[in-house]
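Single-structure report; data block below.
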Amino acid sequence: MKDHDSPAQEPHRIVIVGAVAGGASAAARLRRLGEHSSIVVFERGEHASFANCGLPYYLGGEIVKRDKLLVAGKTQLEGWLNLEIRTRTDVLSIDRERKLVHVRDLATGDEYDQPYDQLILSPGASPIRPAALLEKVRPHHPRVKSLRSLGDADRLKELVDSGISSAVIVGGGFIGLEVAEQLGQRKVTTSLIEATDHVMPALDKEITAPIHETLTRHGVRLHLNVAVADLEPLEGDRIRVRLDDDRTIETDLVVLAIGVRPESLLAKNAGLELNDRGAIRVDAHQRTSDPSIYAVGDAVEVTEPVFGNKAYIPLGGPANRQGRLAADHIAATVGVTDLEPEELTYRGSQGTSIVRVFDVAAGLTGQSEISLQRQGKRLHEDYETVTVHPMSHASYYPGAQRMTLKIMFSKKEGRLLGAEAVGRHGIDKRLDVLAMAIQLGGTVFDLEQAELCYAPPFGSAKDPINMAGFQAANLLLGQTRNVNAKELEELIKDNAVTLLDVRTEPEYQTDSIEIAVNIPLDQLRERRDEIPRDRPVVTYCQVGQRGYLAETMLRQHGVDVRNLSGGFTSWRLWQAMVEPPNEDPIEPNPGGAPSLDGEEQPSKIQTQVAGDDDAASGGKAMVTTSCQVGGGATNNGQQAHAEPTTLDVRGELCPGPLLAMAHAVEQLRAGQSIRVLASDPGFANDARAWCASNGHRVLEVQQTDRAVEALIQKQTAGASQEVATTSPRDGQTLVVFSGDLDKVLASFVIANGAAAMGKPVTMFFTFWGLNALRRKEAPPVSKGLLDRMFGWMMPRGAERLKLSQMNMGGMGTAMMKYVMKNKNVADLPTMIATARQQGVRMVACTMSMDVMGLKKEELIDGVELGGVAAYLGEAQKSSVNLFV
């Protein structure tokens, strides 16, 4: 064993080119292993070892102090590690025979030679700036930027801080998305241009659908399948961006995020071997074609471990590990350590990566399906996929969010090939687990058996990793056969499938695949003879569980059946990518407003619908409610404080807030009060109506951007009976469920007639009836992708409604309107206006609005919002109650 405390006769000379990521890691590791080596690090920029991955967040202001990006400054590296850091120094050439690098001090212009025994190249990568694109604007135009260095971030931040109003980002990869998010948070109107049909081209299309949705929802204008043809300078440093479809965008700033290329000119001029992309070729020890020269980081070619192919994967994590590995190999080679050099090898880079875009994150590890297909791999022959949509943690614990997890695995032995995920919470830890499984050669059967930490706030007893493993194992063992959304689309086009929707009838009526037949799972055994046997059957539910149960049952009855992987949720994600994105500007969600899914403001009442996620439920919807009321009564029923108790049900949809309020008021004694906070805008009317029906007092109702706040006082028992017996029953109530022109017309004829007779009339619009209240031209509102799709599929306003019978492709509707006009019968818009003039109350059901993705701004003036209590309160006062 060597005496490492004895200095060598001549200090071993190590020169490192590049002091970020791989270079800095190599230098620090070398010093820890060998105190007596001479280590000189050259860096072209002003700073050594800065966090370039944090640059977008400094631009956007999430990282406030610039110094936080300096991981280890020059003074620290020199003082702690006795490294010689020479910043602002450019390495011009390498003399391999004499083992010298020729350098220039950029501050003084002086040039000199530096000898080495081992040389480590860590020059990184440079942003792609196409010369043809910059032909009309000067190469260093002050408003055409890239983001690689601290200097780039400083200049970009200075522009944003100066108050620019618009920006165009060219490229929808990781950097482009991070910059788009940060500019959006800085209230800069941002357009994102991506030449492919989806952002994050490394991922499969359906995985990126939620990214498209959140970009659009936060006001980022998406331009997909289009490239930038030209950049033209305008007055005042503004720029005109010309797209290859002849559209133009005028902007204050252009950020080029097209990609990066390896900084390998120094290696090329030295005669080192490069690949076709210009990346430096290295062996398993990070040595180049010259054994005395190593290369690490974004400039090198790597081996991807799944198939052993060569690849270019510029990421910070691999760069740091490569730097450490190169240092270990040098130390072992020169005898500083007792390790065997040949045993020190780099395992490869599988591209594990993640990006956050506003409130959604997406990432991948290993091979995506699109990359498998590019390598000639065939679905169902060489590989299989499974898509699951589990919750981020136990669904009964507040704040659970649905994620999408897709895994790729070999057809033969089930070896994991890759994984992708998208969601709001918990996808990082799932991708980390899968990345390790891939690196260790794991299979889907290992995922079945994976033992992961579990407590309700963190995970589920059946973790998403397990769920993916269960489904994949079932597939390989022949216990299920699946199709993906793309395959199903082809089957539907070829009229080669019977599609069976096994969800409940309300789910089916709300939204379904057009040709699907609905037989709920709990009726399927008795009705299986209704299923045709002349073609394959594909079952589906919401996320796959009930569809799988239906598939297994039908197969045992001799049906040729498959299940849609990921269910209707996967279908909608795929269809969202088939439809072109909405490129219109959309107002961002108001800052701090609680989302209706409860993600920002956890609610005290938790309503769980367990069907697809709970095998024990047998696919039936199981609803449980629990209520937690803060600070009011003690266990013996005595009032602890004079202040009213508080019930926070923000994030819950109708009738959740009403049920929670009713339960909470029941626990109070007469005279006690409760303050209810709800995010449902219809809760104000619901609270008044419920209290009127039950004899309690509404002391105060306030509505802000964040919540509806109602102060309720419990009255003595029997008060509701008194109200019921003394309330007049002269009103007329109509529930308009239908969106058919003739039925809505009939509703308004009755309503106007009753109003003309002096009767108080309330019309309660729910589900398809809401379409009669839509504005013909609505202002832009913040909506999710599925909500927008609902809007596209439904008629916009009274003039677009169709007849329930004899519509005949619109001809019958046109005839009806013509006859009405000739006979001086008012059309529907006129009837609606007349009803408003006569004081007819029109109430829109907030629960239906949420389900169908409608906002109040999209409805005509004068429409109130309400829930089930608002309707029941009016019905109780009415002598006539019609359902249309």
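Readers should treat all values here as calculations from the given coordinates under stated rules, not as data from a laboratory. Just so it is clear, the structure is predicted and the values come from calculations on it, not from any experiment. Positions of Cβ are generated from backbone atoms using ideal geometry, with glycine treated the same way; all protein chains shown enter the neighbour counts.
Note on the chain: dipole from Cβ charges, positive end direction compared against VAL20, TRP574, ALA710; the farthest Cα belongs to ALA710. Compared with the dominant Cα axis of the chain, that is its longest principal axis, helix 427-439 is turned about 40°.
Neighbour counts of other Cβ atoms within 10 Å put MET808, MET847 in the fewest-to-most order MET808, MET847. How would you classify segment 380-476 from its alpha-carbon gyration tensor, with a ≥ b ≥ c the square roots of the eigenvalues: rounded for a/c under 1.5, else prolate if a/b is greater than b/c, otherwise oblate? Here segment 380-476 falls in the prolate category. Taking the fewest neighbouring Cβ atoms within 10 Å as the starting point, the ordered list for ARG525, ARG402 is ARG525, ARG402.
With angles folded into 0 to 90 degrees, how steeply does helix 811-822 sit against the dominant principal axis of the chain? Use alpha carbons for both and round to 10. Once rounded, one gets 50 degrees. Only beta bridges with both residues in the chain are counted; by DSSP, about 55 percent of them are antiparallel.
Computed about the Cα centre, the dipole magnitude for segment 402-498 is approximately 100 debye when only Lys and Arg (+1) and Asp and Glu (-1) carry charge, each at its Cβ.
Positive-end ranking of GLN838, MET763, SER848 along the dipole of segment 729-883, with charges on Cβ about the Cα centre, is headed by GLN838. Name the shape class, rounded, prolate or oblate, that the alpha-carbon gyration tensor gives for segment 169-231, where a ≥ b ≥ c are the square roots of its eigenvalues, rounded holds for a/c under 1.5, and otherwise prolate holds if a/b is larger than b/c and oblate otherwise. Here segment 169-231 falls in the oblate category. Measure nothing fancy, just the Cα-based angle from helix 174-185's long axis to the longest principal axis of the chain, in degrees from 0 to 90, nearest 10. Taking the Cα atoms of the chain, the angle to 174-185 is about 50 degrees. Only Lys, Arg, Asp and Glu carry charge here, each on its Cβ (+1 for the first two, -1 for the last two); on that basis the chain has a dipole of about 1880 debye about its Cα centre.
When peptides 786-794, 91-99, 359-367 are sorted by average Cβ neighbour count within 10 Å, with the highest value leading, the order is 359-367, 786-794, 91-99. Separation of segment 760-777 and segment 460-474, taken as the distance between their Cα centroids, equals 44 angstrom.
Per-peptide packing, taken as the mean over residues of other Cβ atoms within 10 Å, places 745-752, 810-817 in the sequence 745-752, 810-817 from highest down.
Placing unit charges on each Cβ (+1 for Lys and Arg, -1 for Asp and Glu) gives segment 380-476 a dipole about its Cα centre, and among ILE465, GLY441, GLY414 the Cα reaching farthest toward its positive end belongs to ILE465. Is the C-alpha gyration tensor of the chain telling us rounded, prolate or oblate? Criteria: a/c under 1.5 is rounded; beyond that, a/b larger than b/c is prolate, otherwise oblate. Taking the square roots of the gyration eigenvalues as a ≥ b ≥ c, the chain is prolate. Note on segment 321-343 and segment 157-179: Cα centroid distance 42 Å, given to the nearest whole angstrom.
Taking θ as phi - 60° and the Karplus parameters 6.51, -1.76 and 1.60, the scalar couplings of segment 558-564 work out to x, 8, 7, 9, 9, 10, 6 Hz in sequence order, x denoting glycine and proline. By the count of neighbouring beta-carbon atoms within 10 Å, fewest first, THR214, THR834 end up ordered THR834, THR214.
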